[in-house]
Amino acid sequence: QRLKAAVHYAVGCLCQEVAEDKDVQFSKQTIAAISEITFRQCVLAKTLRGILILFRHAKRSTVNTEDVKLLARRSSSLLKYITQKSEEITSSNMEQKKKKKKSSAIKGRRTSEEHEAAMTESEDSNMV
């Protein structure tokens, strides 16, 4: 909380400097929003550094969901959120794969039916 307050204060000071320099004003809500975004970016940067350290240590070149979950294990709410989103993405990917298989199967049937129709038509024209 203290870190978040410090970020808010620093952003407020910067906004005040910009306001004086550019002759504009920042609302309290805008300063709060910029502070929140800045704080989250700092947390994200720290998280990404942690992920990089983990997968370099494991001598891998791909970061997977389990790496991110391992890094987020200290924050139960973040871990829960990541797990939920991961499951949603996996479910969505499975549904898309099923749709692709169905459409491929339908296209395959159409193609074979069209081929049979063309063969029948060809045979009919040969008979004439």
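The values are calculated or read from the model by the stated rules, or taken from the named source; none is laboratory data. Source: prediction; values computed, not measured. Please note: Cβ atoms are built from the backbone with ideal geometry, for glycine as well, and neighbour counts cover all protein chains shown. Areas reflect the complete protein model, heavy atoms only, side chains present, ligands, DNA and RNA absent. Shrake-Rupley method; radii C 1.70, N 1.55, O 1.52, S 1.80 Å.
Would any residue of the range 71-88 have its amide N under 17 Å from a label point 7 Å out along Cα→Cβ of K100? List them or say none.
none
What does the extension gain come out to for K59 and A19, with contour length at 0.36 nm per residue minus their alpha carbon separation?
Working it through step by step, the gained length comes to 9.6 nm.
Per-residue accessible area for R49 at 1.4 Å probe radius, Å² rounded to 10?
150
Can you list the lysines whose alpha carbon is less than 18 Å from that of K80, not counting same-chain residues fewer than 8 positions off?
Filter leaves K69.
Nearest 20 debye, what's the magnitude of the dipole of the range 1-88 about its Cα centre given +1 on Lys and Arg Cβ and -1 on Asp and Glu Cβ?
It works out to roughly 660 debye.
With every protein chain left in place, what is the accessible area per residue of the range 1-88 in square angstrom, probe 1.4 Å?
With the other protein chains kept in place, the range 1-88 gives 83 Å² per residue.
Would you mind telling me the share, in percent, of accessible area of the range 1-88 contributed by carbon and sulfur at probe 1.4 angstrom?
Carbon and sulfur atoms account for 58 percent of the accessible area of the range 1-88.
At a Cα cut-off below 25 Å, give the lysines reachable from K28, other chains included and same-chain residues fewer than 8 away excluded.
K28 reaches K4.
Work from the charge dipole of the range 1-88 (Cβ charges, +1 for Lys and Arg, -1 for Asp and Glu, about the Cα centre) and give the residue of V24, T47, A5 farthest towards its positive end.
Most positive-ward Cα: T47.
What lysines could a cross-link reach from K97, if we take a straight Cα to Cα line under 19 Å and drop same-chain neighbours fewer than 8 places away?
Counting by Cα, and skipping residues close in sequence, K97 has these lysines nearby: K85, K107.
Using the basic label-point model (7 angstrom from Cα toward the beta carbon), what is the A6 to A45 distance in nanometres?
So the two model labels end up 1.4 nm from each other.
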